[in-house]
Amino acid sequence: MEFIDTLINILNSTIRVSVPLLLACLAGLYSERAGVFDIGLEGKMLAGAFAGAAAAAVFASAWIGLLVAMLVSVGMALIHGFASITHRGNQIVSGVAINFIAAGSTIILGQAWFQQGGRTPSLPPEGRFGAITLPGADALRDVPVIGQLYSGLLSGHSLLTYVAFLAVPFTWWVLFRTRFGLRLRAVGENPAAVDTAGISVTWLRYRAVICTGILTGLAGSYMALAQNAGFVKDMTAGRGYIALAALIFAKWKPVPAMFACLLFGFLDALSIRLQGTPLPIIGKVPVQLMQALPYILTVILLAGFIGKAIPPRAGGVPYVKER
Amino acid sequence: MSTPYAKLPAWADYGLIPLVNLLVAFAVAGLVVLLVGENPLRAAVILVEGAFGSGQGIAYTLFYATNFIFTGLAVAVAFHCGLFNIGGEGQAYIAGLGVGLVALAFDSVLPWWLTFPLAILASALVGALWALIPAYLQAKRGSHIVITTIMFNFIAASVMVYMLVNVLKPVGSMAPQTRQFLEGGQLPKLGWLLAEFGLKVRPSAPLNISFLLALVMAFLVWVLIWRTKLGYEIRTMGFSPKAARYAGISEVRIIIVTMLISGALAGMMALNPIMGDQHNVPLDFVSGAGFVGIAVALMGRSHPAGIVPAAILFGMLYQGGAELAFEMPNISRDMIVIIQGLVILFAGALENMFRPTIQGIFASFSPRSVGISATKGERA
């Protein structure tokens, strides 16, 4: 019995830490599938988290927080788009810039507006997305295994968690079953062909970048409004980069992206759980190794030892219309 | 490089456009200062005075600039080959291990002028090794070097935390850092050099001899890139990998060698804070210098003659920013992070934003300078 409890506990925290990764990863998916590399996921998440927490604190409403978070993230995404689509700048450089601007301005503005050392005020319950109890979860709590899984693992998450997991099939549907998705993927592989067909490469890429902004806004909101009760300085702590790693790990596909994020989340949850406790056979595993594992796995994958990750062909290349 | 933009005279290309971009970046930063309710002009005055107003300030400014010269050169060398080494942070961090081990091993037996060359070698070697795997993967397997170097930054951070907490921390000590180095592991300060110019510098000022090393490296990078066969090959590869291949230049060799040099330069940055100032290996001693290198390289147009002033400018921001935080409570040192981001945005990603406008202005004054309509206009 104790084993099941521990397992549910670990899986539960896996879901909690995976959600921001998953949202950011899907965000990156839209942009990169359209041929715009985005290492600015981290910055957009951070800006979204800050804007969401600030707005939710001022208006005491989680929904206003969410809206503002998405607006700010989309704004940052549009800066990236403006630099890399309109002005054909280097997409990596632009992403790095976004990360720095977000990292600095969230602290400076947070300090200036709230005077709490870069934090936003702690949010009241109505400023957060609380846990949702699924129907029948309480009744089933005592049923062994299945009831425990249902009430302990599936139920009791915030709205944004469910949105994140629903976004996976939705993204798959958009990318692989709609005209927009077909064009979006085409523009990431061969923009000239899309252009020849009379479709605006610029506008398509902008729309992809806006999708990225919306999803990173959600990711930031999840961190500031659901997982925590407010914004703490540098709260994304490299998650944008792990999401990027997960995206590569998933070879730019939505469903594998979910599994990659869950895997990386599981490693994270496990490393917190195992802190200091020795494992059978292997002995004590350093926490740092567990923390570095997502990155190491991604490098190994990139090296082509576990399948091959082939990025969208036109990724990172600004499109110049031939005259 | 097939840029879709017409050519400008060199002085406009290398002087005017970066200057305009830089001014815009600082103007936007000024808006942020305005947004938090402070006077941007006063902030700028405090910043410059804090950085250059006293001997002590100058010493700190140059101390920070030393870090940025190394990392800026590292990024620039990779840029010349068309590679984006975003891993300077991790290469410098892990190189701290090399510096630390040399200093710990020899500080009691050798004088500093013997430990120093060994530490230079160790830092360069470890930094280069950390760049080797991403370089190899890029050259042989086509894995995107940006992603692998980002991953290696995180791996380096984990390795260093592990080493400092579990291995190098002296028994009984709480702080995750190595023991203090003895005399032989401490670099001489350069305060006296500033004192020669009549400036007052307290002996605590951290400016040390690695600043001179940074300047030497800047010169060597110039020699390498513009005066050697290898540099020519690197630049060819950067301009057009196809042309390089056609000329019989080995892509694999150039990518790996370039990244080794880049990693070595980033690694040498570790000397400055570790042996020059802290005299131990602390956690997080790089604190973003690897990323500042990107801004510095972009601002300096990947030329050592541009990188050194750009690094000093960022040194000024770091030192002046610390002073600013005292005077204006609403502005912390994180203001620099914003400025850094804006510089990267306007001097890097948006470098071509003002180009058409400037071209238009040039074309209206003297069409020939822009290389358009000269033939049409005169012969018609």
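The values are calculated or read from the model by the stated rules, or taken from the named source; none is laboratory data. Everything numeric here is computed off the predicted structure, so don't read it as measured data. Every residue, glycine as well, gets a Cβ built from its backbone with ideal geometry; the counts of neighbours run over all protein chains shown. We work out accessible area using only protein heavy atoms, side chains counted, and drop any ligands, DNA or RNA first. Shrake-Rupley method; radii C 1.70, N 1.55, O 1.52, S 1.80 Å.
Odds and ends about this structure:
- Principal axis dimensions, the range B:119-206 - Cα atoms, whole angstrom, descending: 55, 41, 20
- Acute angle (nearest 10 degrees) that the helix B:304-327 long axis makes with the longest principal axis of chain B, alpha-carbon atoms: 60 degrees
- Residues whose placed amide H lies under 5 Å from that of A:Gly118, excluding near-sequence neighbours: A:Gln111
- Scanning chain A for long hydrophobic helices, with DSSP H runs required to stretch 27 angstrom or more by C-alpha along their axis and to average at least -1.0 on the Kyte-Doolittle scale, returns A:2-33, A:62-81, A:91-114, A:201-221, A:254-273.
- Extension gain from A:Phe3 to A:Phe180, taking 0.36 nm per residue of separation minus the Cα-Cα distance: 59.1 nm
- Accessible area ranking (1.4 Å probe, heavy atoms, ligands and nucleic acids excluded), largest first, for B:Trp112, A:Trp173: A:Trp173, B:Trp112.
- Heavy atoms of the protein chains alone define the surface here; on that basis chain B has 42 Å² accessible area per residue at 1.4 Å probe size.
- Across the protein assembly as shown, counting alpha-carbon atoms alone, Rg and Dmax equal 26.0, 93 Å.
- P(r) for the range A:202-269, from all Cα pairs and a bin width of 10 Å, is 18, 43, 32, 6, 0 %, short bins first.
- Candidates B:Ala289, B:Ala51, B:Ala43: whichever shows maximal mean-square fluctuation once chain B is modelled as a Gaussian network with Cα springs under 10 Å: B:Ala43
- For chain B, the longest principal axis of the alpha carbon atoms and the long axis of helix B:210-227 meet at an angle near 40°.
- Note on B:Lys7: aspartates and glutamates with a C-alpha under 16 Å away, same-chain residues under 8 apart excluded, are B:Glu351.
- Of B:Lys140/B:Lys242; A:Lys44/A:Lys251; A:Lys233/B:Lys169, those spanning more than 26 Å from alpha-carbon to alpha-carbon: A:Lys233/B:Lys169
- Cα-based Rg / Dmax (Å) for the range B:240-332: 18.1, 59
- CD proxy at 222 nm, helix term only [per DSSP H run n ≥ 4: -39500 (n - 2.57); per residue of chain B; nearest 500]: -21000 deg cm²/dmol
- Carbon and sulfur %, accessible surface of the protein assembly as shown computed with the full protein complex present, 1.4 Å: 67 percent
- Cα-based equivalent ellipsoid of the range B:62-309: semi-axis lengths in Å, sorted from largest, via gyration tensor: 31, 22, 14
- Based on every Cα atom in chain A, Rg and the maximum pairwise Cα distance Dmax equal 20.3, 70 Å.
- Degrees separating the helix B:355-365 axis from the principal Cα axis of chain B, which is the longest one: 50 degrees
- Separation between Cα centres of the range A:1-41 and the range B:241-292, rounded to whole Å: 32 Å
- Counting charges near B:Gly96 (Lys, Arg +1; Asp, Glu -1) among other residues having Cβ under 12 Å from its Cβ returns a value of -2.
- q = 0.20, 0.21 Å⁻¹: log10 I(q)/I(0) that the Debye formula gives for the range A:71-153, counting C-alpha atoms only: -0.90, -0.95
- Value of relative contact order over the range B:62-309, rounded to a whole percent, pairs C-alpha under 8 Å and six or more apart: 42 percent
- Alpha carbon centroid spacing (whole Å) that separates the range A:191-233 from the range B:19-50: 30 Å
- Cβ charges +1 (Lys, Arg) and -1 (Asp, Glu), total dipole of the range A:143-212, debye: 160 debye
- Top of A:Ala250, A:Ala193, A:Ala167 by mean-square fluctuation, Gaussian network on chain A, Cα under 10 Å: A:Ala193
- Per the Kirkwood formula applied to alpha carbons, the range A:1-151 shows a radius of gyration over Rh ratio, Rg over Rh, of 1.09.
- q = 0.10, 0.20 Å⁻¹: log10 I(q)/I(0) that the Debye formula gives for the range B:153-260, counting C-alpha atoms only: -0.63, -1.01
- A simple spin-label model places the labels of B:Trp226 and A:Ile64 5.8 nm from each other, with each point 7 Å out along Cα-to-Cβ.
- Just checking the listed ones, A:Pro144, A:Pro311, A:Pro20: in the Gaussian network model of chain A with Cα springs under 10 Å, the one fluctuating most is A:Pro144.
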